[in-house]
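Chemist: Pasting a structure here, questions to come.
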Amino acid sequence: MMADDTGAGRTDGQNGGKGAADAMRDTAGRAREAFSDHVIDPARRAGEALRASGQKVADGSATIGLKIIEQAEQNSHQAFEAMREAAKAKDLGDVMRIQGDYLRDQGQRAMNQAREIGELIMQFGRDAVTPLRPGGDSKPD
């Protein structure tokens, strides 16, 4: 007798093979989901947080640059005002008083401006790291 080539006797073997293949696919699917949950998603969230942080740093830098220009303009106006007053002075005593007043005011103004810039830098620093902290806002403003 010859062996039957119709496959009539292989039904149980095929089902066993199909079951093993399904089990392997299920395992691979679970591994893919676990990899996505534990590696890809956290990496994506970290990338979004870094992007948001970088945007906040760029925005802060622009604001600080504009504030420095504004302060320089204010200082120039004050210097020219002092020069105008000195040009109108009646004697050397008036010139010395005007210069002293200007230097005292400029020193106070410089300290206030440095404090203002320092506060801006600290605020922008806090804003920039907020998206990087757990539970931080990862969406740019």
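The values are calculated or read from the model by the stated rules, or taken from the named source; none is laboratory data. Values in this document were obtained by computation on a predicted structure and should not be read as measured data. All Cβ positions, glycine included, derive from the backbone under ideal geometry; neighbour counts span all protein chains shown.
Chemist: Just need a number here: residues in region 84-109 that are surrounded by 12 or more Cβ atoms within 10 Å (Cβ to Cβ), free of Cβ contacts under 8 Å to residues at least 12 places away in the same chain and assigned to a helix (DSSP H, G or I).
Modeler: Total meeting the criteria: 4.
Chemist: Further, regarding this structure: Which residue, of Arg10, Arg25, Arg44, is part of a helix (DSSP H, G or I) and modelled with pLDDT under 80?
Modeler: Arg10
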